[in-house]
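Quick notes on the structure that follows.
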Amino acid sequence: MPTYSLITFGCQMNEHDSARMREVLEAAHYLPASAPTTADLVVLNTCSVREKAEHKLRSEVGRLGRLKRRRPGLLIVVAGCVAQQEGERILGTLPQIDLVLGPDNIRELPELLAALEAGGPPRVRTEFDLDSPQFLRARPVPGQTAPTAYVTVMKGCDERCSFCIVPRTRGPERYRPSQEIMAEIAGLVGAGVREVTVLGQTVNSYRDPERLLQPAVSRRPWRHTPEARLREDESEFSALLREIATTNPGLVRLRYMSPHPRHLTWSLIEAHHELKPLARHLHLPVQSGSDRVLRRMVRRHTVAEYEERVGALRGAVPGLTLSTDIIVGFPGETEEDFAETLELVNRIRPTGLFGFKYSPRPHTPALRLGDEIPETEKRARLSRLFALSEQLRQAHLASLVGSTVGVLVEGPGEREGYVGRTERNEIVHFGAVDDPTGQVLQVRVTEAFKNSLAGVLLDPARAAPIARARTTEPRARHDLPVIP
Ligand code: SAH
Ligand code: F3S
């Protein structure tokens with residue numbers, strides 16, 4: 001039987017798409033290869049959110065092309081956002097590629113591969129499923145399913161932030177019927193999943209296309225948000241979370257990714273307060289601490305609005321941890337603008353920060369603003385930002401030493417012991433005599449590292465020592481894997 005290797009670049013949405021591609025390939029009798037170098041088929045699931053990610057793809061295709069000269073039967077598929085963005089053009093510049101597949105065409109993979117195996121020419125399939133959006137459903141196998149899972153509830157983005165290519169590569173917003181979402185989650189929980197992360201590009205703009213949810217009615221005014229903008233927001237995301245949390249007693253944790261600050265409504269804050277499984281952590285991208293820059297980014301909120309909403313959320317959920325995304329060196333960002341970003345970070349004290357140097361992207365409105373901040377300056381700003389966020393994270397992790405935390409065990413650590421996360425998203429390493437994967441255990445924190453904690457199980461009968469608590473820390477969210 002033919003073998004495949006799948007390499008994923010980029011975000012959670014890509015990881016989710018890769019999981020679905022694996023299922024589609026295995027249903028079509030492809031077997032996972034032991035290494036990309038021995039596979040009959042290599043799928044590169046690409047990211048185009050920054051230029052660096054695209055360069056990476058080109059060098060991987062170059063490497064695979066050399067392999068293909070030795071093994072002409074090797075099929076190379078480029079999927080994901082670069083595929084969607086470049087379409088036909090990619091075959092012109094990278095002729096080693098056999099198939100260019102958009103994120104909405106995953107289901108067609110087996111038939112497209114069959115045509116190639118029969119000697120057909122290279123193909124491009126990058127059609128958005130605008131008329132009847134499809135959401136591929138996970139096929140969990142009881143006993144072989146990880147305790148955490150992603151579930152997509154919407155795709156595409158209507159926001160049009162001026163720097164961002166996602167609206168072009170993922171298309172306009174399309175929402176998944178709530179009944180379909182509920183059925184997928186029930187299946188996952190039945191197969192042993194304990195934590196679900198609900199996914200979407202602007203996940204909290206969710207609306208049920210079949211109008212089956214009871215929308216929340218909370219309309220308390222925001223001090224900083226104009227009445228008109230408030231009325232515009234008809235999202236039903238809190239109603240969806242409520243439905244998920246209350247109908248799945250086996251689900252111990254619920255997270256979502258990535259929300260847009262302007263859809264962080266009062267009803268969503270109330271859901272955080274009331275729904276026990278909803279984790280006490282939120283990833284809420286802010287991008288900049290300067291109103292002038294936010295306006296040019298077309299983020300459609302101000303710094304004050306962001307802080308007011310985060311403040312309200314923290315008031316409703318004491319101890320909630322926050323992580324965020326920030327872009328440095330956006331066109332026209334002055335030293336004063338950047339200083340405002342550092343001040344904002346100091347005020348909101350995120351425990352996780354994903355910082356990026358602005359990268360001009362094709363077809364985005366920000367292109368006409370130029371890219372005048374020199375690379376050296378962008379790099380310098382990014383390292384100042386990282387120094388601050390590192391300091392904040394270390395202080396936070398150190399403050400937890402001596403406390404007891406509830407850990408949902410995700411599995412064995414990379415070198416020894418086990419690893420899991422707290423509801424506040426801290427990573428915890430510990431030893432155990434039996435495999436506790438999928439359980440929520442109480443751990444006393446004994447040590448804080450750069451990005452994680454180590455501790456001992458509170459139950460002495462189950463605790464085991466680990467010699468070197470520090471395992472390889474998980475890679476950052478937007479890092480890229482490399483073909484060996
Ligand atoms: N809503 C999406 C955002 C996708 S892009 C989500 O699900 O996370 C992820 C992050 O990449 C953004 O929040 C932004 O901080 C960064 N980013 C996007 N476009 C960028 C660009 N052109 N240059 C630098 N960083 C960018
Ligand atoms: Fe991109 Fe802004 Fe949408 S960052 S994904 S255009 S919310």
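A few remarks follow.
- When each of the peptides 220-229, 400-409 is scored by how many other beta carbons lie within 10 Å of its residues on average, the order from highest to lowest is 400-409, 220-229.
- Shape call, the range 74-115: gyration tensor on alpha carbons, a/c limit 1.5: oblate
- Rounded, prolate or oblate (a/c below 1.5 giving rounded, otherwise prolate when a/b exceeds b/c) for the range 400-470 by Cα gyration tensor: rounded
- For the chain, size of Cβ-based charge dipole, Lys and Arg +1, Asp and Glu -1, in debye: 680 debye
- FRET efficiency estimate (nearest 0.05) - Cβ-Cβ, A118 to K276, R0 56 angstrom: 0.55
- With a cut-off of 16 Å on the backbone N, the residues of the range 160-183 near the modelled label site 7 Å out from R229 along Cα-Cβ are 160-162.
- Net lengthening on full extension, A183/V401 (0.36 nm per residue, minus Cα-Cα): 74.5 nm
- Unpartnered cysteines - no second Cys beta carbon under 4.7 Å - across the chain: C11, C47, C81, C157
- In the chain, the inverse of the mean reciprocal separation of distinct Cα atoms equals 23.8 Å; this is its Kirkwood hydrodynamic radius.
- Straight-line cross-link reach from K52 at under 28 Å between alpha-carbon atoms covers these lysines, not counting any fewer than eight positions away in the same chain: K68, K155, K357, K378, K450.
- Were the residues from Q442 through Q391 laid out at 0.36 nm apart, the gain over their Cα-Cα distance would be 15.7 nm.
- Residue-span extension gain [E51 to R70] - 0.36 nm each, minus C-alpha spacing: 3.8 nm
- The range 400-470: relative contact order as a whole-number percent, Cα under 8 Å and 6+ apart: 33 percent
- Of the solvent-accessible surface of the chain, computed with a 1.4 Å probe and all protein chains present, 52% belongs to carbon and sulfur.
- Beta bridges by DSSP in the range 132-279, antiparallel share as percent, to the nearest 5: 15 percent
- Nitroxide proxy distance, nm - points 7 Å out along Cα→Cβ at Q12 and E343: 3.2 nm
- DSSP-defined beta bridges in the chain - what % are antiparallel, rounded to 5: 35 percent
- Over the C-alpha atoms of the range 3-125, the Rg to Rh ratio, Rh being the Kirkwood estimate, stands at 0.92.
- GluC sites (Glu not before Pro) lying in DSSP loop within the range 340-395, provided at most 14 other Cβ fall within 10 Å: E372
- Under the criterion of Cα pairs below 8 Å and six or more residues apart, the relative contact order for the range 179-263 equals 53 percent.
- The range 3-125, relative contact order [Cα under 8 Å, separation at least 6], %: 25 percent
- Eigen-decomposition of the gyration tensor built on the alpha-carbon atoms of the range 132-279 gives equivalent ellipsoid semi-axes of 26, 19, 13 angstrom, largest listed first.
- Cα centre as origin, Lys/Arg/Asp/Glu Cβ charges: the range 155-202 dipole, Debye: 180 debye
- Area of I106 that stays accessible when all protein chains are in place (1.4 Å probe, Å², to 10): 10 Å²
The values are calculated or read from the model by the stated rules, or taken from the named source; none is laboratory data. Owing to the predicted nature of the structure, the values given are computational and were not obtained by experimental measurement. We place every Cβ from the backbone using ideal geometry, glycine too, and count neighbours over all the protein chains shown. These accessible areas exclude ligands, DNA and RNA; they are computed on the full protein's heavy atoms, side chains included. Shrake-Rupley method; radii C 1.70, N 1.55, O 1.52, S 1.80 Å.
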